[in-house]
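Undergrad: Got a structure here, written out as structure tokens. Questions coming.
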Amino acid sequence: MERTRSKNESRVVLDLEWRGQRAVRLSEIRDALSCSETYARYLAHRLVKKGWLERLYPGVYRLIPAERGREGVADTNPLAVGALLVDPYFFSFGTACTHYGLTDQVFAEIYIACLRHRKPETVRGIRYVFAYLTQEQFFGFTGIQVMGETVQMATRERALLDAVARPKFSGGLGEVSRMVLRTAKNLDWDALLGLLQRWGESALVQRLGFLLDLHHIHVPRKKRLALQSMIRRGSKIHLAPRRKWGVSGCLSNPWNVIVNVPLEALLEKGDHPGRRAVFRKRGRVGDR
């Protein structure tokens, strides 16, 4: 059945299409028509029923433009929906790692980095998880095409660093460790170092350095020295969250990481620790 519109409904739809806007709030409909909130809600309900709008969550709708045909087939791209939930944003963590093939895991949730503390939202049966970043941490992403829509996605190197920084959004520390191994041959070291320098977080460099050594990944000497120069003097950190794994563990040098999680949990099945990250007789993990 062909979609129809009343005069006021056309004003809303045509205005959205003219401005290229995909998401609309009740408050915007109310302001555009200078009407009451009750009438704006009624109009939105009618547009949903007629196939011009799709309700994402209370008070927020997505336009189903004329190009979607007479029956108004809704967009099935979950990233396009996620892009409407918060602004500014970029997809990262498990979502970006899956996009770049850094992991074989298929995440049920979609992870969105943003500048606001926000509870997860469930839209169309998909759970969107929001990871708060400070303004200083909000970098390292670019616009990419996904199913015909341009969305903001972390770069490959930023996605990996986000995973190392917050493994809980990326399948856990064991999966993040394996991501480092799978990504190593495709890493842009200059891009990675540039992000780390801008980030300025010693603990992130230390965890990454340990995982690189654990998998005996070759790091060019100058790049390795650059990594080590970013470690804060005297900084000693735990590899895994202390609340879950405790505080006991062996010390890995030169990264000053207390390895408070079994090495087996960090390796591919059948793998063995690399030459730079093995247990010593005295219970330390370090360089040979």
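A short reminder: the numbers here are calculations on the coordinates, not readings from a lab. All values derive from a computational prediction rather than experimental measurement. Cβ coordinates were reconstructed from backbone atoms using ideal geometry, including for glycine residues, and neighbour counts include every protein chain displayed.
Undergrad: Using a/c under 1.5 as the rounded threshold, could you call the stretch 75-171 rounded, prolate or oblate? The axes a ≥ b ≥ c are square roots of the C-alpha gyration tensor eigenvalues, and prolate needs a/b larger than b/c, oblate otherwise. Don't skip to the answer; put the middle values down first.
TA: Numbers: a/c = 1.22, a/b = 1.11, b/c = 1.10.
Rounded.
Undergrad: Which percentage, to the nearest 5, of the DSSP beta bridges contained in the chain is antiparallel?
TA: In the chain, approximately 70 percent of DSSP beta bridges are antiparallel ones.
Undergrad: So which trypsin sites (Lys or Arg not before Pro) in the stretch 75-144 are both in a DSSP loop and have at most 15 other Cβ atoms within 10 Å of their Cβ?
TA: Those satisfying the criteria are ARG116, ARG118, ARG124.
Undergrad: Moving to a separate point now. Nearest 500 deg cm²/dmol is fine: what mean residue ellipticity at 222 nm does the chain get from its DSSP H runs of n ≥ 4 alone, each adding -39,500 (n - 2.57), divided by its residue count?
TA: That comes out to -10500 deg cm²/dmol.
Undergrad: Let me ask another. At a threshold of 8 angstrom on Cα-Cα distance, excluding pairs fewer than six apart, so keeping six or more, what relative contact order does the chain reach in percent?
TA: Across the chain, relative contact order equals 11 percent.
Undergrad: Scan [x] 16.9; [y] 15.6; [z] 18.0 for the value of mean projected area of the Cα convex hull in nm² calculated from this model and give just the label.
TA: Answer label, from the structure shown: [z].
Undergrad: With 10 angstrom as the radius, rank ARG166, ARG221 by how many other C-beta atoms surround their C-beta, starting from the fewest. Walk me through the intermediate numbers first.
TA: Working: ARG166 16, ARG221 8.
With the sparsest Cβ surroundings first, the list reads ARG221, ARG166.
Undergrad: Quick check on the exposure proxy: order GLU37, GLU9, GLU136 from fewest to most C-beta atoms within 10 angstrom.
TA: GLU136, GLU37, GLU9
Undergrad: Specify whether the C-alpha gyration tensor of the stretch 7-73 places it in the rounded, prolate or oblate class, a ≥ b ≥ c being the square roots of the eigenvalues: rounded for a/c under 1.5, otherwise prolate if a/b is larger than b/c and oblate if not.
TA: Since a/c reaches 1.5 and a/b is larger than b/c, the shape of the stretch 7-73 is classed as prolate.
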